[in-house]
Amino acid sequence: MTDALRCWVHGAGGHAKVVADVVRSAGGVVLGFVEDARERWGQQHAGLPIVSFEEAVASGARHFVSGVGGHLGRAQGLERARAAGFELPVVVHARAVVAPSAALGAGTVVMAGAVINPDARVGLGVIVNTGAVVEHDNRVGDYVLLGPNVSLGGTVAVGARTLVGVGATVLPNLHVGADVRVGGGAVVTRDVADGLTVVGVPARAVGSGA
Ligand SMILES: CC(C)(COP(=O)(O)OP(=O)(O)OC[C@H]1O[C@@H](n2cnc3c(N)ncnc32)[C@H](O)[C@@H]1OP(=O)(O)O)[C@@H](O)C(=O)NCCC(=O)NCCS
């Protein structure tokens, strides 16, 4: 990312702290955290101020980065920021690997140790968490969350807003639908329809998605 990156991070929880570190590793500056809960305004988080969205807008900063884990809050926060005139940079940790032929959508954050291989397409506002592997030719939809150490085999497709839990594996050439929840540690061995929750090895449906 450019060293002109000066941003507010949306959210003031654990995930937002990690995102702030990703921004700094990429040479950027974090001005503070934006919270919707007014009781947190004026407090500090990870050594930086927590402010309202209005205060962030008034600061004149150009960039806004999501530190919200939930897809709904992430999508709404990024859309509100875009509507208010912020740019939504792609932020990639200095120790992540992104192939030159991969494409990442606005607002996507790639954490330390993640690898995104050639010709992968990653949508808007996606979290590629610590150590996750997005193999060649993957299609990852908008607002997906790939947890730490997730592995997507080659030519996997993951639909919008899907959560792939920590350490889960999706075998090559499979299609995981939209609004799916893949449990932590699961191994997905067949296609998953929209809206399902699947867990275990091999992954089996246990309920509906997010
Ligand atoms: C799959 C998941 C979304 C289900 O959450 P939930 O709807 O709250 O489901 P529950 O905790 O009520 O569990 C439902 C059943 O599935 C089982 N289960 C839940 N998660 C499981 C998992 N990852 N692997 C195996 N079984 C699991 C539970 O033991 C329970 O079984 P039971 O009915 O026999 O008691 C959640 O457990 C999970 O794995 N989330 C991943 C979170 C994550 O990694 N986020 C990334 C953060 S960076």
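The values are calculated or read from the model by the stated rules, or taken from the named source; none is laboratory data. Note that this is a predicted model, so its numbers are computed, not measured. Note: ideal-geometry Cβ built from the backbone for every residue, glycine included; neighbour counts use all protein chains shown.
In the range 125-142, the count of residues that are polar (S, T, N, Q) and within 16 Å of the ligand (Cβ to nearest atom) is one or more.
Listed here are the residues, each with its yes/no results for (1) buried (at least 17 other Cβ atoms within 10 Å of the Cβ); (2) assigned to a loop (DSSP other than H, G, I, E, B); (3) within 14 Å of the ligand (Cβ to nearest atom).
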site: G167; (1), (2), (3): yes, yes, yes
site: N173; (1), (2), (3): no, yes, no
site: D194; (1), (2), (3): no, yes, no
site: T197; (1), (2), (3): yes, no, yes
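Of the candidates G159, G184, G153, the single residue that is surrounded by fewer than 20 Cβ atoms within 10 Å (Cβ to Cβ) and within 16 Å of the ligand (Cβ to nearest atom) is G184. Of the helices (runs of 4 or more DSSP H) lying entirely inside the range 1-117, those carrying at least 2 residues that are buried (at least 21 other Cβ atoms within 10 Å of the Cβ) are 14-25, 71-83.
With respect to V144, is the statement that it is more than 28 Å from D21 (Cβ to Cβ) and either in contact with a Leu (Cβ under 7 Å, 6 or more places away or on another chain) or of a type in the set (A, V, I, L, M, F, W, C) (or both) true? Considered against the rule, which asks whether it is more than 28 Å from D21 (Cβ to Cβ) and either in contact with a Leu (Cβ under 7 Å, 6 or more places away or on another chain) or of a type in the set (A, V, I, L, M, F, W, C) (or both), V144 comes out as no.
For A94, the conditions (1) touching an Asp or Glu at 6+ places or on another chain (Cβ under 9 Å); (2) closer than 23 Å to A26 by Cβ all hold with the exception of (1).
Out of the residues in the range 110-157 meeting the condition of being more than 17 Å from V180 (Cα to Cα) and either in the same structural domain as R80 (by TED's automatic domain parsing) or in contact (Cβ under 8 Å) with a residue 60 or more places away in the chain (or both), tell me which one is farthest from the chain's Cα centre (by Cα). Of everything passing the filter in the range 110-157, A112 is farthest from the chain's Cα centre (by Cα). Among the residues of the range 61-72, at least one is at pLDDT 95 or above and either more than 26 Å from G131 (Cα to Cα) or in the same structural domain as G165 (by TED's automatic domain parsing) (or both).
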